[in-house]
Amino acid sequence: MRHIHVIGIGTGNPEHLTIQGLQALKATDAVFALDKGDAKAGLIGVRRQICDRYIEGRPYRFVEAADPERDRRPADYGVAVDDWHAARAALYEALIAEHLREDERGAFLVWGDPSLYDSTLRILERVLARGRVGFTYDVIPGITSVQALAAAHRIPLHRIGEPVRITTGRRLRDGLGQEPGATVVMLDGDPRFEGLDPDLTIHWGAYLGTPDELLVAGRLGDVAEEIRRVRAEARARHGWIMDIYLLLKPAP
Ligand SMILES: C[S@@+](CC[C@H](N)C(=O)[O-])C[C@H]1O[C@@H](n2cnc3c(N)ncnc32)[C@H](O)[C@@H]1O
């Protein structure tokens with residue numbers, strides 16, 4: 001039966017790939033990479049670099065496909081995501097059926113780790129539920145942008161014994177709540193930091209793991225404007241940006 005490795009590849013540095021990921025990749029016949037649009041072509045480039053560097057002397061197929069368009073301003077968020085996942089399941093099914101023979105191994109290279117804000121595992125389950133192509137799959141963990149952020153700033157994510165929350169920019173608008181602890185914010189397309197306590201400590205990072213890495217840290221009230229300026233300049237220069245930040249409440 002076909003077998004698929006879902007491999008977390010880290011956040012831009014080809015050396016983020018684990019040795020487990022490397023071994024799986026070396027035994028792979030077809031690598032699937034979903035193109036999220038021209039602006040993020042650099043991300044496909046990293047996947048190619050990883051394959052060129054680590055799959056030595058063995059023929060493999062690099063299968064690129066355009067990710068289906070997603071409705072960015074839907075009336076109903078849940079329905080829009082479900083429609084998008086259905087379109088992606090149909091695409092993955094077609095890619096697997098067309099490019100992977102019954103006795104072969106494939107790999108989906110997932111940015112960071114598949115456990116965080118990534119739908120590859122949900123989509124593969126959906127493909128299996130459709131019942132048209134059969135395969136087994138396993139998951140090989142990778143370095144997440146959360147780990148890359150902490151490592152770049154040389155910090156633990158939380159103070160002793162405190163909880164860590166990982167959330168999105170969209171959810172942050174609901175506030176940080178009363179509980180102590182650290183909050184990591186991902187997928188914030190326009191960080192305004194509105195309504196947040198200026199005494200929070202922020203650790204911000206963009207393009208983590210790549211040669212373009214940017215870092216800013218400090219008291220939110222002091223560095224918020226700098227982060228917005230650095231972010232806007234970098235985004236204009238590269239045409240895209242991926243950034244993440246940690247917010248720590250003032251020590252009690
Ligand atoms: C769709 S999520 C994917 C997360 C990924 N699965 C992970 O494990 O990090 C994309 C978000 O991850 C964060 N991210 C991913 N790569 C990053 C990088 N190299 N530098 C900064 N943030 C990154 C950003 O918050 C971005 O909006």
Single match in 47, 58 (criterion: within 16 Å of the ligand (Cβ to nearest atom) and either over 16 Å from residue 138 (Cβ atoms) or without any contact (Cβ under 8 Å) to a residue 24 or more places away in the chain (or both)): 47
Output for region 70-97, where each listed residue is more than 23 Å from residue 185 (Cα to Cα) and within 16 Å of the ligand (Cβ to nearest atom): 84, 85, 88
Test result for residue 20, in contact with a strand residue (DSSP E or B) (Cβ under 9 Å, 6 or more places away or on another chain), part of a helix (DSSP H, G or I), among the polar types (S, T, N, Q) and modelled with pLDDT of 85 or more: yes
Any chance residue 100 is more than 16 Å from the ligand (Cβ to nearest atom) and touching a Pro at 6+ places or on another chain (Cβ under 8 Å): no
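Looking at 209, 189, 239, which one is within 12 Å of the ligand (Cβ to nearest atom), loosely packed, with under 13 Cβ neighbours inside 10 Å and not assigned by TED's automatic domain parsing to the domain that holds residue 43?
Exactly one residue qualifies, and that residue is 189.
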Residue within region 46-59 that is in a loop (DSSP other than H, G, I, E, B) and modelled with pLDDT of 85 or more present: yes
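Can you find a residue that is within 16 Å of the ligand (Cβ to nearest atom), surrounded by 15 or more Cβ atoms within 10 Å (Cβ to Cβ) and farther than 17 Å from residue 44 by Cα anywhere in region 122-138?
At the first step, the residues of region 122-138 found to be within 16 Å of the ligand (Cβ to nearest atom) are 122-124.
With surrounded by 15 or more Cβ atoms within 10 Å (Cβ to Cβ) added as a condition, the list becomes 123-124.
Those still in the list that are farther than 17 Å from residue 44 by Cα too: 123-124.
So far as region 122-138 goes, yes, one or more of its residues are within 16 Å of the ligand (Cβ to nearest atom), surrounded by 15 or more Cβ atoms within 10 Å (Cβ to Cβ) and farther than 17 Å from residue 44 by Cα.
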Output for region 23-45, where each listed residue is at pLDDT 90 or above and in a helix (DSSP H, G or I): 23, 24, 25, 26
Candidate set from region 161-186 (those that are surrounded by 15 or more Cβ atoms within 10 Å (Cβ to Cβ) and of a type in the set (Gly, Ala, Ser)); member that is nearest to the ligand (Cβ to nearest atom): 169
Every residue from region 198-243 that is among the acidic types (Asp, Glu) and part of a strand (DSSP E or B): 243
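Name the single residue, out of those in region 212-231 being among the aliphatic types (A, V, I, L, M) and within 16 Å of the ligand (Cβ to nearest atom), that is surrounded by the most Cβ atoms within 10 Å (Cβ to Cβ). Quick ask: steps written out before the conclusion?
Let us first name the residues in region 212-231 that are among the aliphatic types (A, V, I, L, M), namely 214-217, 220, 223-224, 227, 230.
Remaining after also requiring within 16 Å of the ligand (Cβ to nearest atom): 214-217, 227, 230.
Details: 214: 18, 215: 14, 216: 19, 217: 16, 227: 21, 230: 17.
Only one residue tops the list, namely 227.
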Elements of type strands (runs of 3 or more DSSP E) contained in region 95-197, each with 2 or more residues being over 30 Å from residue 232 (Cβ atoms): 105-110, 136-140
Within region 192-206, considering residues that are within 16 Å of the ligand (Cβ to nearest atom) and touching a helix residue (DSSP H, G or I) at 6+ places or on another chain (Cβ under 7 Å), the one modelled with the lowest pLDDT: 193
Failed item in (1) in contact with a Lys or Arg (Cβ under 7 Å, 6 or more places away or on another chain); (2) loosely packed, with under 13 Cβ neighbours inside 10 Å, with residue 68 passing the rest: (2)
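The values are calculated or read from the model by the stated rules, or taken from the named source; none is laboratory data. Note that the structure is a prediction, hence the values are computed from the model and not measured. Here Cβ is always computed from backbone atoms with ideal geometry, including for glycine, and neighbour counts include all displayed protein chains.
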